[in-house]
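Here the structure is laid out as structure tokens; the discussion comes afterwards.
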């Protein structure tokens, strides 16, 4: 029986449920280990005149207090542009920006010393805290970038209906359960060993080496598991790692830095808020003939990954729809917030949510037009990419294996969409308290890093004489099940039980020059590399077996079978050895039982300057139908029912993939409903605890939740014909936001148009209370989310 | 002294004021207990705690409570048995919740997992009836799974546990049979305990006092009036105790957790036997629904529905009615209800006892009229009568386990087409939970019509001073309050 498609438990499941799976702060402390903490700025946009450290140094138990002046190497870092200071120099940009590092003998001493570091700050100007303020001040982190096709001006001029609007969405806090954490331990010959909760050990190694002015071979970064990442530890794990490393470097002692929750929520960047100004034209049949969009994101104070996130948003604004004439322009705004960063979907959610809002708005505009699609779903289906024509994206990639037409048809059927829609709309006219909405959102999400060079991975497979195996790859395990799938893939190649394959920590001294575990592609990349390495060993064993059995003349290695823990001659199955015996004998015969695999995704290219190329290996596609129920008195929302259907090819582990799908959906549900970041007028994040920042609970999971894997053959070019699953399901939750828009649209188009994302109770009630107030375009241009409407005002 | 996973442990000196999570992780080096939020909002650090039943009670079944170890101070656990995730499984066998979670892919990153395993185990242990798992797990947050697998695991574990219980073998009862630790659990823990600073002169304030009786608590308060009183620690545990003041830990005083029903303090003329619910100050949220079911007749469900939305199971097992009153949160959870019921409170000191209307207790933002040396001992709650209307609304960002942005409690009756005895109280609309006296005045004696409610709602801003804060803007709060008051007539219509 193949190990592919088996729902094996997570490789660490036993460790998880018994609490023995160790995270960074669970590692035993070395005897000399120091407690490290950072002192952060209480102000945004101020000159940093002086950092007074003497008092803190005088606190008993304090060993070192470090500032930017103590950095031996690069003072700045960043994945694209090295503009982010490790510790603030001359100015502080945002509230929570690290300014100094304290290393102490005890947690108590560290705590006491924090209060003693005095920062002399002089305000420069009022901080810029919103995209709108940044636009007014013309502050940007990137140049305008355009992806365009056709002639939008003439297309819009010829359209039967043209609508304009502005879509807003706020950010999202990752709330990985393990906060950012790093331990740095000085080792041999000036080497530094890091244990970091990072999605990108190689990047962390690189940043730390640069900051310490060490060559790369002097820094080792090891990661066994992360207590959640979601993109928040792709680049942002580097700063705490660098701080721990600086403490270790200056004291010669082991140093541990673990952010407290509130600290983490203040220091680290989040999902990008977006403002999307759009103008769309449809003909009388509902075909979208022209679309012009301007996307602005809030990148925060430093560049981080923002231009790449913007690229992905631009590459996903089409979502599932063919856009013949289109102009997409994107630009990252600079504000005085923590640098916004990767978060599951990486700009995709913002782009897709904007497009789905446009669709909902157009559906309302077309509602009374004879011959036009009768509801949003019909409009969406009408505009889907075609199979043979109307199948090229704005950036020129042909959409192949397009399953969305089938998925939407099936989903409409299994969710009883038409009948429920009619019933809900009728009920909405009668019920004075409850307002319901129903909507479907399709998702087409491109898989691969847009930066082509990042689509590479390596793996190391070690086979021991007892037939057991150790595998390590550059991919980090953060709960997503990567290691479990790789274990299955390797076991399948070698014909052994997955339990005999141990997944080892990712470490840069084994798996170097790796890309961060991101972009949903870690199984595609690392799985393929591991399969290649395992295949190399299997081929060596097969060659040895042919010799052993006097079959040297047979060049065909496939004559040797590997299955059920046995190595055998396929043509004479009685000629067999256990895998363990084969390994022991092969080792004696000096066969190399270790191998490295390397994989680089073929065929990818994208020219950013022209906005043309084929950046994605394939698309993961799916759709969800969501029903919402709004309390008209309070604006509070419940989601009673969700049906979703998603194509993930041939699942390597359906149990794990189902967890990714439902988990991603519920995380997206939080983004579009209750997760609302609120800042004060000075730029301090007020939602800095789980008391004020509300992620979904078990009781928020829709009572009816159907999750169906769309049955397909899967792409021939991926490992075991599987498809990426990490990010796409998050975007299926946009259906919930669309359902809110549909519900509000039943009251008035203006109510629907005014609601911004997330649809908090306040946001919904505000829209309802203004349902019958006209909403001209000039007002729409000034409109913002209710959570920001008072934050920028003077205190 | 505590039992930890079956073994007796001595908690040293000032470790008594450590949060249990710190003691477990840093002193005992048990790292299975994870701290993810540190504020009692996520349940990752959940431990199981059993208080040995009193000798006299004759009880043989131990009630295992899920507890947020980041909030609970070690002194509060004196004489209790703590079970952490390390003590859940045996060397050879996993607990049903653990087995089911493994089988159902209910862990992803694994950080919240120990907490879920323990909360599930507690629910399986204590509740003989089918568990509503969405509610039972509401005090535990998972960022990875989306909960479906966790709910399935819980259901599977329940099926297994029911089967095992049928053979008389609930997991915790078998794993830690009472006989193996109870006999030593009596006596010593009923004596008072005072921890002083080792090197301090005798005149210096003690670090912490755990009195044996209320009288001892009052004597201690008389001597150290600046003491910080800790009951369930669901509020004080968030920021930690103030180490400059002595801590008076009263959580364990069972005499303050008793309740009874008595005739009304001041029976209204002509009324047929109104009754007053007398709640000890340490009555837990957890116990209120059952008390109300027995006492409050047709209004019990309304009140229980509100209580079900206060915290998760861990918080409701710890938080107390008295703590809710004395911490005087502007939101107040129970306070709007108590205000509309004209509740009063009993405050005792070593030499005096006084009863004060709850309404008179509030003296500003998070401030109450508590005199030096006083301890809140009892709360008198006149129960609503059958003919009265009672409505409780809570508006929050998230439906469950969230602090209200606005809460409204309303009680009134109708007489000959007129509104009478209208009592309205709100939380989240000013520095403290408060009655809407002006609005009430407009409604009392007004005809029972939608117009009366609407007119009053329009003027309710005269009673409140809402602020914009992290939970919502002032304008939203006012809009919600007006809408809710306007719509109260529908409630009246519905029941008419």
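FYI, it's all coordinate maths here, none of it is from the lab. Keep in mind the model is a prediction, meaning the values are calculated, not measured. Using ideal geometry, Cβ is built from the backbone for each residue, glycine included, and neighbour counts are taken over all protein chains shown.
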statement: Neighbour-count ranking for B:41, A:711, B:400 (other C-beta within 10 angstrom, fewest to most) reads A:711, B:400, B:41
Beta bridges by DSSP in the protein assembly as shown, antiparallel share as percent, to the nearest 5: 85
- line: Restricting to Cα pairs under 8 Å and 6 or more apart, the percent relative contact order of the stretch A:298-372 works out to 44
- request: Indicate the gyration tensor shape class of the stretch B:27-162 (rounded, prolate or oblate), computed on the Cα atoms with a ≥ b ≥ c the square roots of the eigenvalues: a/c under 1.5 is rounded; otherwise a/b larger than b/c is prolate and the rest oblate.
  value: oblate
message: Can you say what percent of the DSSP beta bridges in the stretch A:165-323, counting only those with both residues inside, are antiparallel? Round to 5.
response: 85
- request: Using only atoms on other chains, find how many Cβ atoms lie within 10 Å of each Cβ of peptide A:646-656 and report the average.
  value: 1
query: For chain B, what's the relative contact order in percent, using C-alpha pairs closer than 8 Å and at least 6 residues apart?
result: 11
- prompt: Rounded, prolate or oblate: which one fits the stretch A:484-617, using the alpha carbon gyration tensor with axes a ≥ b ≥ c (rounded when a/c is under 1.5, else prolate when a/b beats b/c, else oblate)?
  reply: prolate
field: Pairwise label distance in nanometres, residue B:254 with residue A:587, each label 7 Å out on the Cα-Cβ vector
entry: 6.2
task: Over the stretch B:346-403, calculate the relative contact order: mean separation of alpha carbon pairs under 8 Å at least 6 apart, over the residue count, as a percent.
output: 31
query: Cα gyration tensor of chain A, axes a ≥ b ≥ c as square roots of the eigenvalues: rounded (a/c below 1.5), prolate (a/b > b/c) or oblate?
result: oblate
message: If packing is taken as the average number of other Cβ atoms within 10 Å across a peptide's residues, how do A:566-576, A:220-230, B:228-238, A:639-649 rank, most packed first?
response: A:220-230, A:639-649, B:228-238, A:566-576
Cβ neighbours within 10 Å from other chains - mean over A:220-226: 1
- line: Listing B:241, A:92 by rising number of other beta-carbon atoms within 10 angstrom, fewest first, gives B:241, A:92
- request: On a C-alpha basis, how far is the centre of the stretch A:552-589 from the centre of the stretch B:405-471 in Å? Whole number, if you could?
  value: 83
- prompt: Roughly speaking, what is the centre-to-centre gap between the stretch B:208-253 and the stretch A:733-772 when only Cα atoms are used, to the nearest Å?
  reply: 49
statement: DSSP beta bridges in chain B: the antiparallel percent, rounded to 5, is 90
statement: Least to most buried among A:355, B:1, A:503, by other C-beta atoms within 10 Å and fewest first, runs B:1, A:503, A:355
Nearest 10 degrees, 0 to 90: helix B:474-495 Cα axis against chain B principal axis: 80
query: In peptide A:751-763, how many Cβ atoms from other protein chains are near each Cβ within 10 Å, on average?
result: 2
field: Distance between the stretch A:61-93 and the stretch A:258-275 - C-alpha centres, whole angstrom
entry: 18
